[in-house]
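The values are calculated or read from the model by the stated rules, or taken from the named source; none is laboratory data. Everything quoted here is computed from the prediction, not taken from an experiment. Note: ideal-geometry Cβ built from the backbone for every residue, glycine included; neighbour counts use all protein chains shown. Each accessible area value is taken on the protein alone, full model and side chains, heavy atoms only, with ligands, DNA and RNA left out. Shrake-Rupley method; radii C 1.70, N 1.55, O 1.52, S 1.80 Å.
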Amino acid sequence: MTRLPPPHGRRIDRSRPLSFMFEGRAMTGFEGDTIASALAANGQWMLSRSFKYHRPRGAMSFAGTDANTLVQVGAEPNVAADLTPLRDGMEITAQNVSGSLARDRGAVIGAFSRFLPVGFYYRTFMGPTRNAWLKLWEPMIRAKAGLGVIAPDAPGLAVDKATLHCDVAVIGGGMAGMRAALDAAGDGADVIVVDDQPSLGGDMAHAADTAEADALAGQVASHPAIRVWCDTVCTGLFEDNWLALSRVDRLWRLRAARVVLATGGIDQIAVFRNNDLPGILTAGGARRLMHLFGVRPGRRAVVLAAATDGYAVAHDLVAAGVAVEAIIDPGGQCRDMAPEGIEVIEASIDAAVGRHHITGVRPGDRTVRCDCLVLAAGQMPAWHLPCQAGARLKADGDTGGFAFDLDDETITLAGVLAGDGAVRPAMLPLKAHSKGMDFVDLDEDLQIKDIRNAIREGYRELELVKRFSTVGMGPSQGRHSALPTARLVAEDTGRALGQIGVTTARPPTAPETLGALAGPHTRAERRTALHRVHQDLGAEMRPVGAWWRPYLYGSGDHAARIVEEVRAVREGVAVLDVSTLGKLEVRGPDAGAFLDRIYTMAHAKQPVGKVRYCLMLNEMGVVIDDGVAFRLAEDRFFVTATTGAVGRVYADMAFWNAQWKMDVDVVNLTAGFAGLNITGPNARAVVEDLASDLDFSQEGFPYLTGQRGTVADVPVLAMRIGFTGEASFELHCPASRAHDLWDAVMAAGKRHGLRPYGLEASRILRLEKGHILIGQDTDALSSPHDLGFEWALSKKKPFYVGKRALEMRQRLGATRKLAALSFELDVDLPGESCLVLKDGHPVGHVTSSAHSPTLGHGIGLAFVAPEDAVPGRQVDIRGRDGRMVQGTVCGHAFVDPDGERQKL
Amino acid sequence: MKLMTCPLNGPRNIAEFQYLGPVRTAPDPEAASDQDWARYLFGAPNARDVTLEWWRHTPSNYVFLAERHLGTGEVARPFDPGEAR
């Protein structure tokens, strides 16, 4: 491996060689190489096979603007070889290859290209049967067109996300970008400069003379108010100057007060037969190879000088010892700029010659032998980000240049984008070669005739041509194909280029790593203050929304343990951690009147010390939450809400009061309080053994009342409620004291056989009692009447949320009712969501079902036809396996329907 | 991501806010016909013009009003419900 002597190769460190493998061959490169530059130094120009015809392809720009540079590195597919630094020990393989890179079996497709017209996929793969695409064609095409290989067992990429803020974001660290950054920083702004290359300088970084760029880069790097993000692509510019900055392993979200776009120009390529052969480079690509990596682009070069820059590149090539065989200048105006003794041919390129690498160029009829063709075809301003900012790219018919109209005072265009340097693309003739292979889009293998055919098919608008032909949709996002496509559309539809524009530039402007978009695998989760206590007791913890709750305690047979926990509540006493319950404090002179409007029952006259059920509707009269309200004082209520809905209830209360403007405040205490529900026939015996100033006697603490006091010196708020159907004492305390309360309760309960129970037993207990769970036994249409909750609707109140809609709904009549069902012992219990059928038509569905340990058979809740919601009626349910099951309608509760036990 | 200026918390990412719909004036529930009440419930104004809307800053549970142009999305005036409309 020979490299050009210094000063060529200024980015590589020749003292640090690196070894790597490509397609099973051992190769070496240097620290500072990209994968593509190291391969080129080893004479490996071909990197991949093309998407459709499996044609040999290599890098053209060595700057990430062309698409055929994607390689597989170890387990990682689609690595951009010309952007990714070479690392020691890399194992690199080519992508989209059938067989080997050098002898690709798929290359034969190229010979049949005339049978693969544009839009081929849309038409050809429609038959022969309806599912042919999924069953036959797609697997076949996927096998052929696979871009890289996914290794399912590969270790995950360490990725993260970060958020940045600055006064001025400068996108593009070329000369214009660096000057803009220094100006802004000089005015006192906090500046971030972003560039997709490893160092600043833009096109000047790979020029022959970099003194000016180096000086400016030094000033930028040492300025205390400027931060520099290299190797980072700005993939999107969103509203209010929110920018996505993407590096392989990190996504930054940057908010900037002002943005300077200085993304410079994109080297264009020329369209002629075989313009995709390895060995064909852009002017910038040739310069990068020589000046950054010390790699000679070839031994014998031909230069296309459709822009004057071509002559400068020719001088660079001569200085690097490359024999320049000829300069092809279609205009011929600048021939005296040619290096001495080099022939200038005044012609266009008709075709390139070669199989796996370029071997010659045909300007007209003669062939000039070469192993390298450098294209100086001018530049297009990098339009993607300005267009995302809302600018339109306007072609100026007189000068052949492009300009933007951008109406946003917080975004400035600089350098090439602002029209500096008179950068423009060369408008070379677009003439289809009789033998084709004249590629407009190298990502998608689209030739001139494909674009022309799409227009002829009637897709006369650029956006439609794009959708039909897929032009510009590949990884390079139209950087080379947009202009020739727009020119072809303009030509073939008889319009000016200015009327055509370019297709919408959407984010991302460049490929992003999916892992970086997904970010690290973190999940917000909530734990109760007693989480560790449950774990120490052997609880199986399960997520319920964001919360982790004990599902079941102990070990051994699941079903048997659930029965044990249910029995403990029905026959003895047990305790449940109810800390996740939503808890709100509503206070202020209007607290009672406010709850009267929010909930369906009467709270304004609720006596202090009483606990009352509360049911919340939305304006459509749909049940959205329930809980209890404990009146602590005239102007203070402690209100519970369901675990999953408390956030919504809290928000709704704020929303309603912003409109009603009542004298009331609402505080969400959910995270601040822990709660224990001690329940069972022996519950009173347990609480009476607590060291407490509360009166736990039957007379002193009847059902549906509340008290405040202390238990074992822990301040508590105690309520008598009955979710399980047994006598229950619910104690709430500050979360910081939850351990003390737990220990006191467990100590007092020891001689009464107190044990903890989990969520599954709790669900069965409430179902035995016929209590509904909002969201499980209700849906987005459930009215209180559907649920048999007429008793919870105050008839005296003039207003509560949803009241008016309920009146309207009642006039429409009920279509279903929630009913309690019991099942015979030998029946396969129908699961949730199984349909309730009447005369073969669905009238409702099962909302809950479980085996009741207390009753010894299956029970459930289901929506049934209103006329069937009568005890004793049989309903038909279609089970999961399709077999019909009969259920018998019962009263509202299975256990203790008169509610005597919970009042004990 | 857009910015929204909260009257209480200043400019914040729009993801921190909940849109609560246009300001609607409920008719008298006792006097309104079913049709009028249904129109109040479901007939949200949607003119390509400046609309007065309810918004909530979710981390602080603060509900406020904003004048927003439904065509451009531009928020002309966010303000506290206690201020004059």
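Within segment A:525-545, residues that are free of Cβ contacts under 8 Å to residues at least 60 places away in the same chain have Cβ atoms under 8 Å from residues that are in a loop (DSSP other than H, G, I, E, B) in these pairs: A:E525/A:A546; A:G538/A:Y553; A:G538/A:G554; A:G538/A:S555; A:P543/A:E525, counting only partners at least 6 apart in sequence or on another chain.
Among the conditions (1) under 40 Å from the mean Cα position of the chain (by Cα); (2) over 30 Å from A:A560 (Cβ atoms), A:V864 misses just one, which is (1).
Hey, does segment A:280-288 have a residue that's part of a loop (DSSP other than H, G, I, E, B) and surrounded by 21 or more Cβ atoms within 10 Å (Cβ to Cβ)? No: segment A:280-288 contains no residue that is part of a loop (DSSP other than H, G, I, E, B) and surrounded by 21 or more Cβ atoms within 10 Å (Cβ to Cβ). Across segment B:39-53, the number of residues qualifying as surrounded by fewer than 15 Cβ atoms within 10 Å (Cβ to Cβ) and either assigned to a strand (DSSP E or B) or within 10 Å of chain A (Cβ to nearest Cβ) (or both) comes to 1.
Scan A:A270, A:A184, A:A176 and give me the residue that is among the aliphatic types (A, V, I, L, M), over 27 Å from the mean Cα position of the chain (by Cα), buried (at least 21 other Cβ atoms within 10 Å of the Cβ) and within 30 Å of A:T359 (Cα to Cα).
After ruling out the rest, the residue left standing is A:A270.
Annotation: A:G188 fulfils all but one of (1) modelled with pLDDT of 95 or more; (2) under 30 Å from A:V423 (Cα atoms); the unmet one is (2).
Among the residues here, A:G264 qualifies as within 33 Å of the chain's Cα centre (by Cα) and among the small types (G, A, S). When A:D743 is tested against the conditions (1) away from every other protein chain (no Cβ under 14 Å); (2) open to solvent by less than 40 Å² (accessible area, probe 1.4 Å), the lone failure is (2).
Note on segment A:659-668: among residues that are crowded, with 19+ Cβ neighbours inside 10 Å and touching an Asp or Glu at 6+ places or on another chain (Cβ under 8 Å), the one that is nearest to the other protein chains (Cβ to nearest Cβ) is A:V666. Each residue in segment A:605-633 was checked for being surrounded by fewer than 22 Cβ atoms within 10 Å (Cβ to Cβ), within 14 Å of chain B (Cβ to nearest Cβ) and in contact with a helix residue (DSSP H, G or I) (Cβ under 7 Å, 6 or more places away or on another chain), and 2 pass. Sort out which residues of segment A:817-844 are under 13 Å from A:V885 (Cβ atoms) and in a strand (DSSP E or B), and write them in order of number. Within segment A:817-844, A:L821, A:S822, A:L835, A:V836, A:L837 qualify. Restricting attention to segment A:453-488, and to residues there that are basic (K, R) and within 23 Å of A:Q388 (Cα to Cα), which single residue is surrounded by the fewest Cβ atoms within 10 Å (Cβ to Cβ)? It comes out as A:R467. Applying the condition of being open to solvent by 50 Å² or more (accessible area, probe 1.4 Å) and in contact with a helix residue (DSSP H, G or I) (Cβ under 8 Å, 6 or more places away or on another chain) to segment A:187-222 and asking which residue is farthest from A:A314 (Cα to Cα) yields A:Q219. The numbered conditions (1) under 28 Å from A:S50 (Cβ atoms); (2) not in a helix (DSSP H, G or I); (3) not basic (K, R) are all true for A:G390 except (1).
Mind checking whether some residue in segment A:864-885 is assigned to a strand (DSSP E or B) and free of Cβ contacts under 8 Å to residues at least 40 places away in the same chain? Yes - at least one qualifying residue is present in segment A:864-885. Taking segment A:669-691 as the range and being of a type outside the set (A, V, I, L, M), in contact with a Phe, Trp or Tyr (Cβ under 8 Å, 6 or more places away or on another chain) and either in contact (Cβ under 8 Å) with a residue 24 or more places away in the chain or within 14 Å of chain B (Cβ to nearest Cβ) (or both) as the test, the residues that pass are A:N677, A:T679, A:R684. Annotation for segment B:54-74: no member residue is open to solvent by less than 70 Å² (accessible area, probe 1.4 Å), within 12 Å of chain A (Cβ to nearest Cβ), outside any loop (DSSP other than H, G, I, E, B) and modelled with pLDDT under 95.
Filter segment A:361-389 down to the residues that are crowded, with 20+ Cβ neighbours inside 10 Å and either under 16 Å from A:A347 (Cα atoms) or among the basic types (K, R) (or both) and list them by number. Across segment A:361-389, the qualifying residues are A:V361, A:P363, A:L373, A:V374, A:L375, A:A376, A:A377.
Taking A:D396, is it open to solvent by 50 Å² or more (accessible area, probe 1.4 Å) and either touching a helix residue (DSSP H, G or I) at 6+ places or on another chain (Cβ under 8 Å) or in contact (Cβ under 8 Å) with a residue 60 or more places away in the chain (or both)? Don't jump to the end; show me each part of the working.
Working: open to solvent by 50 Å² or more (accessible area, probe 1.4 Å): yes; either touching a helix residue (DSSP H, G or I) at 6+ places or on another chain (Cβ under 8 Å) or in contact (Cβ under 8 Å) with a residue 60 or more places away in the chain (or both): yes.
For A:D396, the condition - open to solvent by 50 Å² or more (accessible area, probe 1.4 Å) and either touching a helix residue (DSSP H, G or I) at 6+ places or on another chain (Cβ under 8 Å) or in contact (Cβ under 8 Å) with a residue 60 or more places away in the chain (or both) - is met.
Each row is one residue, and each column tells you yes or no for (1) farther than 30 Å from A:K610 by Cβ; (2) surrounded by 16 or more Cβ atoms within 10 Å (Cβ to Cβ); (3) of a type outside the set (S, T, Y).
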| residue | (1), (2), (3) |
| --- | --- |
| A:F729 | no, yes, yes |
| A:C733 | no, yes, yes |
| A:S783 | no, yes, no |
| A:K796 | no, no, yes |
| A:A814 | yes, no, yes |
| A:L825 | yes, no, yes |
| A:G831 | yes, no, yes |
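Across segment A:845-862, the number of residues qualifying as in a strand (DSSP E or B) and open to solvent by 20 Å² or more (accessible area, probe 1.4 Å) comes to 4.
Identification of strands (runs of 3 or more DSSP E) wholly contained in segment A:398-508 with 1 or more residues that are at pLDDT 90 or above yields A:411-413, A:439-441. Of the numbered criteria (1) open to solvent by 10 Å² or more (accessible area, probe 1.4 Å); (2) outside any loop (DSSP other than H, G, I, E, B); (3) not polar (S, T, N, Q), the one A:G788 fails is (2).
Of the residues making up segment A:229-263, those that are open to solvent by 60 Å² or more (accessible area, probe 1.4 Å), touching a helix residue (DSSP H, G or I) at 6+ places or on another chain (Cβ under 8 Å) and in a strand (DSSP E or B) are A:F238, A:R247, A:R250, A:R258. Taking segment B:1-37 as the range and being within 10 Å of chain A (Cβ to nearest Cβ), more than 18 Å from A:P798 (Cβ to Cβ) and in a helix (DSSP H, G or I) as the test, the residues that pass are B:I14, B:Q35.
Given A:V566, A:V573, A:V586, A:V544, which one is open to solvent by less than 20 Å² (accessible area, probe 1.4 Å), of a type in the set (A, V, I, L, M) and under 41 Å from the mean Cα position of the chain (by Cα)? Please lay out each step first, then the result.
Working: A:V566 fails: under 41 Å from the mean Cα position of the chain (by Cα); A:V573 fails: under 41 Å from the mean Cα position of the chain (by Cα); A:V544 fails: open to solvent by less than 20 Å² (accessible area, probe 1.4 Å).
Result: A:V586 is the single residue among A:V566, A:V573, A:V586, A:V544 that is open to solvent by less than 20 Å² (accessible area, probe 1.4 Å), of a type in the set (A, V, I, L, M) and under 41 Å from the mean Cα position of the chain (by Cα).
For segment A:642-658, the candidate set comprises residues that are closer than 20 Å to A:A546 by Cβ and within 14 Å of chain B (Cβ to nearest Cβ); within that set, the residue that is surrounded by the most Cβ atoms within 10 Å (Cβ to Cβ) is A:V649.
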